[in-house]
Amino acid sequence: MADGANPESSAQGSGETRREFLYLTAGAMTVVGAAGAIWPMIDSMNPSADVLALSSTEVDLSPIEEGQSVTITWRGKPVFIRRRGAEEIAIAEETPLADLPDPQTDDDRVEKPEWLILVGVCTHLGCVPLGQKTGESRGDYGGWFCPCHGSHYDTSGRIRKGPAPKNLEVPPYVFLTDNSIKIG
Amino acid sequence: MSFKTNNKVVQWVEDRLPLISMGHHTLYEYPMPKNLNYLWNFGSLAGFALVTMIVTGIILAMQYTPHVDMAFNSVERIMRDVNNGWLIRYIHMNMASFFFIAVYIHIMRGLYYGSYKAPRELLWQLGVVIFLLMMATAFMGYVLPWGQMSFWGATVITNLFSAIPVVGESIVTWLWGGFSVDNPTLNRFFALHYLLPFIIVAVVVLHIVALHTVTSNNPLGIDMKGPQDSLTFQPYYTIKDLFGLGVFLILFAGFLFWAPNYMGHPDNYIPANPLSTPAHIVPEWYFLPFYAILRAVPDKLGGVLAMFGAIAVLFVLPWLDRSKIRSCKFRPVARVFFWIFLLNGLFLGYLGGKPAEGWYVVASQIATAYYFFHFLILLPVILPMIERPRELPSSIHEAVLKS
């Protein structure tokens, strides 16, 4: 601080007067206060309690045959459940990690190799990839194909070709019994 | 010719709130260059479109329900049951397109005649802000009918923000108010679609204040030097603007009554289905060039940056174009490249409407590269080296008399 005899002149231009100190701290408190007042309004646009409450779904797997796929809804998004055949599992497990843009072993993506469970939303811009129904294109790698911007996924839902940066997301799920799961 | 009155009431108001004299100055005695061509009509046409959108939009909002279970049907009810609802909605739909037509011509006019150059940089940048706000408003408006294109357009565009590193996913969840595009998204888009047009009005006011500070550019791109170079706004340009409006409305009525869905997409008459993406998603025509740029880059973040960069580059255009000559009339090389740029932009629009496969991808990459080449290399580096501008006339008055 400036000396007591002549605080105004001695500290001039140095930015260290009492007045400037008060000005800066008051300004900083105003910013903190404004941010504190704005945050509840911004946060009100985040998912609300009732939206969060819908965030788990139970699925009975028993009617699904080998090679068959079903689509269910979880948090408003499609979830793909595919009961893979031995050949599909083998292809997914034998793919070298070096071939993958987003390297991940098949083992890391499934609880039981037979059941592949994925969020059916392309990681590029959110379209629903094709490949669930018979007759739909499954892309060059036998998994899924996104028609919007041309991303190809393999039999483990991993991105192989196209603009999508990541593998199809695996939702959190647990096996409740051998034939039913809880997603979320 | 400043404002004078003998009316005591008008004078009483005038002494307290100079509204009438402001209006008089702006719409009556305001000096305009006397050599303007019809390309200078599109500013007022855009203003007319904005007012039309706000008026029809408010009426539509009285009948529309922003809820995922009711939105689609409430729009169909407007079309079938509400008195003249079909007319008001078709005006709103088609005027959105005509608003963009007017604004695109307005922008190209500015590019050709160098209307962005000193001292009009802020005027130009305010225009770019209006353009961005228009795009946001149009996008959110297209979501409201809750058809298939509404839903999947909203999904794809909001997912653009997920390309932002680290916080992208949280931002998208925040935009949605959930884990996918759903009712909270529709509600907030409706609120913002109602709000943004009024923000556009505010920026338009600033745009006009800036315009009246620096005055209009003109086809010669030289300044007005005195009263011999100008005409008063009333009656010369009021009548010219009104005549142009008549022509504009004839074309508009053609679309409105004979082809009201020509510029739309039939998939949007299918109710939104979150489990099925249409085979071919396309945005409205006015977004197609930017959509082509987005898809041209094979990397997610790169594509998003290129798309926003395509508009950001307009912000700095006044400093990229280093020529002191405004009008392309006197720039023999820039003029040729202007037309190439325009054709390239139309070509990008064509490509944006095609699926992202085969030669379309390569063509979009070349056209995108050319778009940025024009602004970042041609204007600041190449043209100053090779172009020799022609001689400017000494005044507008002299040039007008000669022709």
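Laboratory data are not the source of any read-out in this text; all were calculated from the coordinates shown. The structure presented is a predicted model; accordingly, all values stated were derived computationally and were not measured. Every residue, glycine as well, gets a Cβ built from its backbone with ideal geometry; the counts of neighbours run over all protein chains shown.
Assorted remarks:
- Other residues lying with their Cβ under 12 Å from the Cβ of B:Val82 contribute a combined charge of +1, Lys and Arg counting +1, Asp and Glu -1.
- Applying 1/(1 + (r/R0)^6) with R0 = 51 Å to the Cβ-Cβ distance of B:Phe308 and B:Arg77 gives a FRET efficiency near 0.85.
- The residue list B:Trp152, B:Trp258, B:Ile386 was ranked by how far each Cα lies along the charge dipole of the range B:37-402 toward its positive end, using unit charges on Cβ atoms, and B:Ile386 comes out on top.
- Cut-off 10 Å between beta-carbons: net charge of the residues surrounding A:Trp115, Lys and Arg +1, Asp and Glu -1: +2
- Spacing of the two label points (7 Å from each Cα toward its C-beta) at A:Ala98 and B:Trp12, in nm: 9.2 nm
- Net charge dipole size for chain B [Lys, Arg +1 and Asp, Glu -1 on Cβ; Debye, nearest 20]: 1060 debye
- Summing Lys and Arg as +1 and Asp and Glu as -1 over all other residues whose Cβ lies under 13 Å from the Cβ of A:Gln104 gives a net charge of -4.
- Distance between the modelled labels on A:Glu20 and B:Thr215, one decimal in nanometres: 4.5 nm (7 Å Cα→Cβ projection).
- Left without a cysteine partner by the 4.7 Å Cβ rule in the protein assembly as shown: B:Cys328.
- Here the range B:1-114 is assigned +1 on the Cβ of each Lys and Arg and -1 on the Cβ of each Asp and Glu. Its dipole about the Cα centre then comes out at about 260 debye.
- 10 Å Cβ neighbours from other chains, averaged over peptide B:288-297: 1
- Going by neighbour counts of Cβ atoms within 10 Å, the residues B:Tyr194, A:Tyr23 line up, fewest first, as A:Tyr23, B:Tyr194.
- Dipole of the protein assembly as shown, positive end: most advanced residue of B:His106, B:Ile200, A:Leu24 [Cβ charges, Cα centre]: B:His106
- Between B:Ala279 and A:Glu58, the FRET efficiency estimated from the beta carbon spacing at R0 = 35 angstrom works out to 0.60.
- Peptide B:166-172, shielding by other chains (average Cβ, 10 Å cutoff): 0
- Scattering curve values for the protein assembly as shown, log₁₀ I(q)/I(0), Debye with Cα scatterers, q = 0.08, 0.10 Å⁻¹: -0.73, -1.02
- Cα lying deepest toward the dipole's positive end in chain B, options B:Asn268, B:Gln234, B:Gly23, charges on Cβ: B:Gln234
- Dipole magnitude for chain A: computed about the Cα centre from +1 point charges on Lys and Arg Cβ and -1 point charges on Asp and Glu Cβ, it is near 520 debye.
- Extension gain from B:Leu192 to B:Phe315, taking 0.36 nm per residue of separation minus the Cα-Cα distance: 41.9 nm
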